[in-house]
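Below you'll find the structure, written out as structure tokens, and then a few comments.
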Amino acid sequence: MTFKELGITEPILKAIEVKGYTHPTPIQEQSIPILLRGKDLLGCAQTGTGKTAAFAIPILHHLYNEQPKRKGPRKIKALIVTPTRELALQIGENFTEYGKFTNIKSTVIFGGVKQGSQTLALRKGTDILVATPGRLLDLMDQGFISLKDIKYSVLDEADQMLDMGFIHDIRKIIAKLPTERQSLFFSATMPPAILSLSRKILGNPEKVTVKPEQATAEKVEQSVYFVSKMGKPKLLLHLLQTEPFDSALIFSRTKHGADKIVRILGKANITAAAIHGNKSQGARQRALGNFKSGHTNVLVATDIAARGIDVDELSHVINYDLPNIPETYVHRIGRTGRAGASGIALSFCNHEEKAYLRDIQKLIKQTIPVVADHPFPDEYEDVIPESPVKPQKPRQQRWSTKPGNDGGSNNNQNRRRSYSQRRQS
Ligand code: AMP
């Protein structure tokens, strides 16, 4: 199946070609025909599956084909509501890229920054609005936004919206949407609260589910280090100084923990930045920009802040803390090993986290190989996690300090150098 065979209009096809996509991803292959037919969609899919293009392309296609001879300012015809600023910006970028050969305009609004430039853009008029819920309601209340011309609405990352306490905001927004519209609803998980919300939003939707989790987990070379809580900072430094890597995304369970990791790395002359909810929008964007451009190679993030981080060629994900929700582990490691590239996920597991590890292994139906031979072992090593389901090939020793000797198990071995090697060059 090609994009052309899906029946997408020419200027958008051209933009897809420029992007270098040869074939639609499974979520795109399933969703695009449904959306081109004008049906509502309930999509069970997460970031990393190509879901943004799955909704952005059909919306652009419809708007392009319906373009009237315009008199007066553009009216907002498509609304995408998403939980975080990072996701909003990323979705906005996607619309700009796929729509670059059309004259369809999109605008992104989110909180945490002054509203001046956003209201200016809204005054000029936009066809598509990508928004986080709080700022959207705020600007609606101030009269900068009217939703009465909306024909396409997307609720993105619905489960995350609920987790972040946006349910009342979402209800208020939905109440302002015209009933005659095409509605799309995406969520990575579908617990009862999400299904009930989806019923309030969608007419008679078609359902599409893509399960990238297992596939992603299989592509990524995973390993776990049993390490005491006290040993974690030392082990992290040791790995970053010896493990050949291009860029590492480190996950911390708490904002405070993320800041602490950055400080520890700083003391060892490893430049890292943290992104989490307590950082200003400017600081988050700067940190992400520097990481994406390769200026900094280490980014420390909490799970919520990391949603929407889409970095090409992220070589390592390091779980400094294991998540208590097993799906989160899969989301985290899915940030590496994208688009067929090989990725490495290293997890630190202290005694208290062993139950989390068991749940993760059950979910991914794999036993994550243990790297037993490291300098900071957990003092409770005798506690072994539950028996394997499908053993993976054990990882090879990979902390040689010799350049180029990374165990030979990675395709990118010539490209990857240790942090200290790069700092010297
Ligand atoms: P998303 O799930 O929307 O965050 O997309 C994840 C990543 O996949 C982004 O970097 C997209 O640019 C990329 N992507 C989306 N569709 C395709 C495709 N058909 N072929 C290759 N990459 C894609």
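All of the numbers you see were taken from the coordinates with simple rules; none came from a lab. Please read all numbers here as calculations on a predicted model, not as lab measurements. Cβ coordinates were reconstructed from backbone atoms using ideal geometry, including for glycine residues, and neighbour counts include every protein chain displayed.
Checking every one of the trypsin sites (Lys or Arg not before Pro) in region 99-131 against DSSP loop status and a limit of 10 other Cβ atoms within 10 Å picks out Lys114.
Distances between placed amide hydrogens fall under 5 Å for Gly343 paired with Glu221, Gly337, all partners being 5 or more residues away or on another chain. Each residue of region 22-27 is assigned a 3J(HN,Hα), and the resulting list reads 8, 9, x, 6, x, 5 Hz, derived from the Karplus form 6.51 cos²θ - 1.76 cosθ + 1.60 (θ = phi - 60°), x at Gly and Pro.
Stretching the chain fully between Lys19 and Ala355 yields a gain of 116.7 nm (0.36 nm per residue, less the alpha carbon separation). For the listed residue pairs Lys105/Lys200; Lys19/Lys279; Lys124/Lys292; Lys260/Lys292; Lys69/Lys105, the alpha carbons are over 25 angstrom apart in Lys105/Lys200; Lys19/Lys279; Lys124/Lys292. This model, with +1 at the C-beta of Lys and Arg and -1 at the C-beta of Asp and Glu, gives region 1-135 a dipole about its Cα centre of some 760 debye. Region 147-183 and region 11-37 have Cα centres separated by 24 Å. Checking every one of the GluC sites (Glu not before Pro) in region 130-222 against DSSP loop status and a limit of 10 other Cβ atoms within 10 Å picks out Glu180.
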